[in-house]
Amino acid sequence: MSSSCEPQYAPAGDVGAALMMIDSRLKEVHDGDAVSHLEQRALAEQVVASLGPGGAEDVLDGTCTIIYMFMSWLRQAHEAQDKDVIEYVVPTLVASMRRMPRSIRPEVIPTMAGLVVAAGMGLSPNLWRKQYGDWTEAEMNPLEATAFLLAEHINRITDDPDFATRTIAEALSLAEEGA
């Protein structure tokens, strides 16, 4: 049975800009260089500010595309071990978000968990979310944190601090070559 939330119906969005923001956050957390951190943050904020409303929505769609791609990779990795991706990823994600109360309000955690479950089941996280109304301002930081935490999870599994973002960048390159 087909669903209106299947990924082929979802806009891919600006995956490149979303990836830049996620990569910037990963480097910010791991490098510990305060000057570099401020420069990276300022650059990311400039890029988002320059996009305007339509561009910001494209970055939001791009972030959801990345979440879908991360969960697809995680689903394949877990299935290879006869494990359920939702059982192993969602509780860790929720626990991490609960430890971030300044950035993530408790009431949006179920929505982010739902996004990840939808993606883990092969559905578009963005289309799944849109059936409940427009995105809210309170969901923007948690959405970015969700993508960041999934990337971090993948990087830990692979023992490679750049694996998650490199995989998306390689997929983007292949897509551009094929277009």
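Here are a few things to note about the model shown:
- Per residue solvent-accessible surface (Å²) - the chain, probe of 1.4 Å: 55 Å²
- Surface share of carbon and sulfur [accessible, 1.4 angstrom probe, percent] for the chain: 54 percent
- Residues with amide H under 5 Å from that of D84, placed H, sequence gap 5 or more: none
- If you take all other residues with their beta carbon under 12 Å from the beta carbon of C64, and give Lys and Arg +1 and Asp and Glu -1, the sum is -4.
- Q81 sits among other residues whose Cβ lies under 12 Å from its own Cβ, and their net charge, with Lys and Arg +1 and Asp and Glu -1, is -2.
- By definition, a body whose alpha carbon gyration tensor gives a ≥ b ≥ c is rounded when a/c is under 1.5, and the chain falls into this rounded group.
- Taking 0.36 nm per residue of separation and subtracting the current Cα-Cα distance, fully stretching the chain between Q76 and A175 would add 33.6 nm.
- Among L149, L127, L51: highest mean-square fluctuation, GNM of the chain, C-alpha pairs under 10 Å: L51
- When the chain is treated as a Gaussian network with alpha carbon springs shorter than 10 Å, the biggest mean-square fluctuation among I157, I86, I67 belongs to I157.
- GNM flexibility winner over the chain from G54, G114, G122 (Cα, springs under 10 Å): G54
- The Cβ shell under 9 Å around A18 holds other residues with a net charge of -4, Lys and Arg each +1, Asp and Glu each -1.
The values are calculated or read from the model by the stated rules, or taken from the named source; none is laboratory data. As the structure is a prediction and not an experimental result, all values here were calculated from the model. Positions of Cβ are backbone-derived with ideal geometry, glycine not excepted, and every protein chain shown enters the neighbour counts. Surface accessibility is based on the protein's heavy atoms, side chains included, excluding ligands, DNA and RNA. Shrake-Rupley method; radii C 1.70, N 1.55, O 1.52, S 1.80 Å.
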